[in-house]
Amino acid sequence: MSAETGTHHHPRPTSPIEDRVAALEALLVDKGIIDTDALDGIVEHYEHELGPMNGAKVVGRAWVDPDYKRRLLADGTTAISELGFAGPEGDHLVVVENTPSVHNVIVCTLCSCYPWPVLGLPPRWYKSPPYRSRMVREPRALLREMGCEIDDGTEIRVWDSSAEVRYLVLPMQPDGTDGLTEDELTALVTRDSMIGVAVL
Amino acid sequence: MSAETGTHHHPRPTSPIEDRVAALEALLVDKGIIDTDALDGIVEHYEHELGPMNGAKVVGRAWVDPDYKRRLLADGTTAISELGFAGPEGDHLVVVENTPSVHNVIVCTLCSCYPWPVLGLPPRWYKSPPYRSRMVREPRALLREMGCEIDDGTEIRVWDSSAEVRYLVLPMQPDGTDGLTEDELTALVTRDSMIGVAVL
Amino acid sequence: MDGVHDLGGMQGFGAVVVEPGEPVFHEQWERRAAVITFGSFLAGASNGGQFRHSIERMDPSHYLDSTYYEHWLTGVATRLVEAGLITRDDLEERTGGPFPLSRPDRGMRVDDPGADVTEARFAVGDQVRVRNWHPPGHTRCPRYVRGHKGTIVRIDIVASVPDIEAHSPSSRNEPTYSVRFEAAELWGEPGDPVHVDLWDNYLEPTDER
Amino acid sequence: MDGVHDLGGMQGFGAVVVEPGEPVFHEQWERRAAVITFGSFLAGASNGGQFRHSIERMDPSHYLDSTYYEHWLTGVATRLVEAGLITRDDLEERTGGPFPLSRPDRGMRVDDPGADVTEARFAVGDQVRVRNWHPPGHTRCPRYVRGHKGTIVRIDIVASVPDIEAHSPSSRNEPTYSVRFEAAELWGEPGDPVHVDLWDNYLEPTDER
């Protein structure tokens, strides 16, 4: 870490991040600006209750229920809220469907927008400069580098979540899984397949 | 300083710059790739023989000798070499003249190109991201911030030295200096006035 | 603001490094930074545009050298100091050392944001061109699409314009769109299309509608 | 390569800090870095395009965090390792620790650079448009003028195209021009003009000649 203030000619090394976080928290509590008891619960909710297991339920349902899938693609927010998933960074959800001719992948080049209610808080690589810079410029090459080979005949559609919409990719159901139950199908769905950096 | 290799998630702090320089120099000498005795002389030449005192002589001559000034503006490289100044980063010199209606300023946004034979090696601020980023985007505001106020009626011409040409600004001769000798005039000329971030 | 945060299309950042089995928070301080950030939103210290812009204003090398939750911490602390709820001296005294904040806001203050726009100016299928402008303040229009032509593929909600809410005591709502850009238009060579979500005022009609 | 080195028009870097009475070299290591750099040129380790590109390929935060002579040192060391004259292991063993080098060259190798162009395609006063392209390798065409219209104000020498010499065992010469761009064209608002020196192949005719 090297955060410095001012110019790099006169470096002013920063305090350790742990000290800075502790100082700001203590200051805000002392001044009565934040109430950590309530907030601890909120963050625990984000940490434990939100995550790709939610998105997987949406995908599993869409695979077994054509009517749900139709509603999901027409109005993602409403169809997803039927399963109980809603909240910050999920007020306007759009689901984009992978098909043999189209593969979708999501990115946020300006910061790190991500559909929290269905995927949880984003992984570091999603927030990193390499992913944010390259996914719009060379999606096919980057997906290949990440182990996701897309057929030349398949168009890759990149979705840069630069406004209010948060995207979820609906992956294709893997071959040979037609006999599985909804729960079994849900268990097959990975976070990366719902971002679009993997296929199932 | 914080140079790290790899990603910032797994920092690998670098060795001190002094150690890196010493190591590379020793390695190249041992392998016979460089001969530091000869090179020391070259660098001493750059450090002590090149600098704004050269450019000042060009400017002083142009102020007292209208024929030289005409040749200087028509072919900077040749006219400057008449005074004995030439060499790397000075093979294609263009002199841009300040007038009551035009103020010129030079920058190199992509690296730090600079007319070495007449101005020497560039100062740090010329090579810094703030100067390189802002001089093309908001020259008038940046010049004002640097203490150089240009009349609203005067066009500022920014020259980004992105190819082979290196620029020298010919400042306007200060009022009330008509009676001075060439040497006295030369002594008035500053580096910053020949970059275009100051007027005399 | 054409800052280093505007990463779309930039080159030279190397490989994407995926950490298998990554936890939600890597260190306890990340969890505490999230607590502080959510708390500061509840305390009304920032709207979305103000918070994002406080991060965009970080020193560029600090931005690139630090991870997401340090961005949050730095942005939140900056906003709290700017709002007068805490002082930098208090912060550094408690920290026992330097606490870098973001650079000052250089955006133009908007006193009158104008009337809301509730009708979509464009229809799905329309060709549009993104305006060429380079505001010193906050915007959600990435640099890599400015000046380029695209096609409206979806009309989304009417929402507060971030460029305004970041620099105004008030706000203006406008329709948002998803716009498809062909790779050749953006990068000058064939490739796959990119869709970018843009506010109404970022767009202009083209002659080719 | 659209890297962080391509700084023209970027925002967020703060004030220009001028050091009064600044020496040519601040530290002895800067002088030694200059010695090494000049020596490596004499040894034929790089042409101009290769050397500049070796610096452009530095890790972006290393680039922003370090000063000019550290850029030189890093570029020169990278080139010497790539040329097989030294190895990174040798370097790090001598250093007694990590010696960061630049990232690998991602430019397209040019085997046949084509014939020299010796006649200027444009005349002073011609309107031109800068091509919109985003090569992964070296170029001396700054991003802030790509796609924009300007006017030829000066025809300069015929010179080796950096984009080619950085990625080819051979080279191609072309005329260079100084091109004037109005502020409104570049930034979308009134202001003072910028002149950029560009190689012939960076430019296209416009309909408005």
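Given the options B:64, B:58, B:107, name the one that is at negative phi and facing chain D (nearest Cβ under 9 Å). Reasoning before the result, please.
Values: B:64 fails: facing chain D (nearest Cβ under 9 Å); B:58 fails: facing chain D (nearest Cβ under 9 Å).
Only one candidate qualifies: B:107.
Residues to consider are A:155, A:145; find the one that is within 11 Å of another protein chain (Cβ to nearest Cβ) and touching a Ser or Thr at 6+ places or on another chain (Cβ under 9 Å). Step through it out loud before you land on a result.
Numbers: A:145 fails: touching a Ser or Thr at 6+ places or on another chain (Cβ under 9 Å).
Of A:155, A:145, the one residue that is within 11 Å of another protein chain (Cβ to nearest Cβ) and touching a Ser or Thr at 6+ places or on another chain (Cβ under 9 Å) is A:155.
Collect the residues in the range D:135-151 that are more than 14 Å from the chain's Cα centre (by Cα) and either among the basic types (Lys, Arg) or surrounded by fewer than 24 Cβ atoms within 10 Å (Cβ to Cβ) (or both), keeping them in residue-number order.
D:146, D:147, D:148, D:149, D:151
Return the residues of the range D:28-39 that are more than 7 Å from chain B (Cβ to nearest Cβ) and buried (at least 18 other Cβ atoms within 10 Å of the Cβ); say none if nothing qualifies. So that I can check it myself, show each step before the final result.
To start, the set of residues in the range D:28-39 that are more than 7 Å from chain B (Cβ to nearest Cβ) comprises D:28, D:30, D:37.
Scanning the range D:28-39 gives D:30, D:37.
Of all residues in the range D:181-192, count the ones that are surrounded by fewer than 20 Cβ atoms within 10 Å (Cβ to Cβ) and either more than 12 Å from chain B (Cβ to nearest Cβ) or under 11 Å from residue B:158 (Cβ atoms) (or both). Give the derivation first.
Within the range D:181-192, the first condition is being surrounded by fewer than 20 Cβ atoms within 10 Å (Cβ to Cβ), and the residues that meet it are D:182, D:184-185, D:188-192.
Next, only the ones that are either more than 12 Å from chain B (Cβ to nearest Cβ) or under 11 Å from residue B:158 (Cβ atoms) (or both) stay: D:184-185, D:191-192.
The number of residues fulfilling the criteria is 4.
Taking the range C:100-134 on its own, how many of its residues are within 14 Å of another protein chain (Cβ to nearest Cβ), touching a strand residue (DSSP E or B) at 6+ places or on another chain (Cβ under 8 Å) and farther than 18 Å from residue C:158 by Cα?
Number satisfying all stated conditions: 4.
Let's see how each residue does on (1) over 17 Å from residue B:110 (Cα atoms); (2) surrounded by fewer than 22 Cβ atoms within 10 Å (Cβ to Cβ):
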position: D:5; (1), (2): no, no
position: D:14; (1), (2): yes, yes
position: D:26; (1), (2): yes, yes
position: D:45; (1), (2): yes, no
position: D:49; (1), (2): no, no
position: D:57; (1), (2): no, no
position: D:85; (1), (2): yes, yes
position: D:91; (1), (2): yes, yes
position: D:94; (1), (2): yes, yes
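Mind checking which helices (runs of 4 or more DSSP H) fall wholly inside the range D:56-109 and carry at least 2 residues that are among the polar types (S, T, N, Q)? Write out each step before concluding.
Values: elements: D:60-65, D:68-82, D:88-95.
Of the helices (runs of 4 or more DSSP H) lying wholly inside the range D:56-109, those with at least 2 residues that are among the polar types (S, T, N, Q) span D:68-82.
Which residue is farthest from residue C:90 (Cα to Cα), if the candidates are limited to the range A:52-88 and must be assigned to a loop (DSSP other than H, G, I, E, B) and out of contact with any helix residue (DSSP H, G or I) (no Cβ under 7 Å at 6 or more places or on another chain)? Before the answer, list the steps.
Initially, the range A:52-88 is screened for residues assigned to a loop (DSSP other than H, G, I, E, B), giving A:65, A:75, A:82-88.
Among the residues that remain, those that are also out of contact with any helix residue (DSSP H, G or I) (no Cβ under 7 Å at 6 or more places or on another chain) are: A:65, A:75, A:82, A:84.
On the way: A:65: 57, A:75: 48, A:82: 47, A:84: 43 Å.
Applying the filter and picking the extreme gives A:65.
Being more than 7 Å from every other protein chain (Cβ to nearest Cβ) and within 30 Å of residue D:182 (Cα to Cα): is that true of residue D:13 here?
no
Just the residues that are more than 24 Å from the chain's Cα centre (by Cα) and assigned to a loop (DSSP other than H, G, I, E, B), please, taken from the range C:19-46.
If the condition is that a residue be more than 24 Å from the chain's Cα centre (by Cα) and assigned to a loop (DSSP other than H, G, I, E, B), then C:19, C:20, C:21, C:22, C:23, C:26, C:27 are the ones that fit.
Conditions: (1) closer than 27 Å to residue A:164 by Cβ; (2) more than 7 Å from every other protein chain (Cβ to nearest Cβ). Residue C:7 meets all but one. Number of the miss?
Unmet for residue C:7, out of (1) closer than 27 Å to residue A:164 by Cβ; (2) more than 7 Å from every other protein chain (Cβ to nearest Cβ): (2).
Please list, ordered by first then second residue, the pairs with beta carbon atoms under 7 Å, 6 or more apart or interchain, first in the range D:87-98 and under 16 Å from residue B:31 (Cβ atoms) and facing another protein chain (nearest Cβ under 7 Å), second buried (at least 18 other Cβ atoms within 10 Å of the Cβ) and of a type in the set (D, E, K, R).
Close Cβ pairs (under 7 Å, with a partner that is buried (at least 18 other Cβ atoms within 10 Å of the Cβ) and of a type in the set (D, E, K, R)) amount to D:95/B:20.
Collect the residues in the range B:49-63 that are at pLDDT 95 or above and surrounded by fewer than 16 Cβ atoms within 10 Å (Cβ to Cβ), keeping them in residue-number order.
Once the filter is applied, which keeps residues that are at pLDDT 95 or above and surrounded by fewer than 16 Cβ atoms within 10 Å (Cβ to Cβ), the range B:49-63 yields only B:53.
Kindly indicate whether residue C:142 is within 11 Å of chain A (Cβ to nearest Cβ) and touching a strand residue (DSSP E or B) at 6+ places or on another chain (Cβ under 8 Å).
Values: within 11 Å of chain A (Cβ to nearest Cβ): yes; touching a strand residue (DSSP E or B) at 6+ places or on another chain (Cβ under 8 Å): yes.
Yes: the conditions hold for residue C:142.
Mind listing whichever residues of the range B:158-192 are in contact with a strand residue (DSSP E or B) (Cβ under 8 Å, 6 or more places away or on another chain), within 14 Å of chain D (Cβ to nearest Cβ) and not in a loop (DSSP other than H, G, I, E, B)?
Taking the range B:158-192 first, the residues in contact with a strand residue (DSSP E or B) (Cβ under 8 Å, 6 or more places away or on another chain) are B:158-170, B:172.
The next check asks that each one be within 14 Å of chain D (Cβ to nearest Cβ); those that pass are B:158-167, B:169.
Those that are in contact with a strand residue (DSSP E or B) (Cβ under 8 Å, 6 or more places away or on another chain), within 14 Å of chain D (Cβ to nearest Cβ) and not in a loop (DSSP other than H, G, I, E, B): B:158, B:159, B:160, B:166, B:167, B:169.
So for the range A:132-143 (the condition being buried (at least 21 other Cβ atoms within 10 Å of the Cβ), among the β-branched types (Val, Ile, Thr), under 15 Å from the mean Cα position of the chain (by Cα) and within 27 Å of residue C:162 (Cβ to Cβ)), does at least one residue qualify?
no
The values are calculated or read from the model by the stated rules, or taken from the named source; none is laboratory data. Because the structure is predicted, anything quoted here is derived from the model rather than measured. Because the Cβ atoms are built from the backbone with ideal geometry, glycine has one as well, and the counts that use them run over all protein chains shown.
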